[in-house]
Amino acid sequence: MESLVVASKAKLIIKNHDCMVAGDALDELNRKVHRLIEDAVKRTKDNKRKTVQAYDF
C-alpha cells in the first residue's frame, strides 16, 4: 500500500504532545487515510458526482 502520510510530520505532531510513536502506528494511520479516501470516493459516486468534496470526508 502506497504511503500517503509524511512520517516525519506525523511523528513531530505526536512528539509535540509528549508521546512516543510505536513502530506500527504510522502503518495504521496510513491505512486509515486510505479508508477515508475510499469512503469519500464511494460517497461521491453514490451521489452521482465525480468530484470529491470536503463534506464527502
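Before moving on, here are some points about what is shown:
- Filtered residue count, the chain, keeping only those that are of a type in the set (S, T, N, Q) and in contact (Cβ under 8 Å) with a residue 24 or more places away in the chain: 2
- Hits in the stretch 14-44 - residues which are surrounded by 11 or more Cβ atoms within 10 Å (Cβ to Cβ), over 12 Å from the mean Cα position of the chain (by Cα) and not in a loop (DSSP other than H, G, I, E, B): ILE14, LYS15, ALA25, VAL41, LYS42, ARG43, THR44
A short reminder: the numbers here are calculations on the coordinates, not readings from a lab. From a predicted model like this one, the values you see are computed outputs, not experimental measurements. Note that each Cβ is placed from the backbone with ideal geometry, even for glycine, and that neighbours are counted across all protein chains shown.
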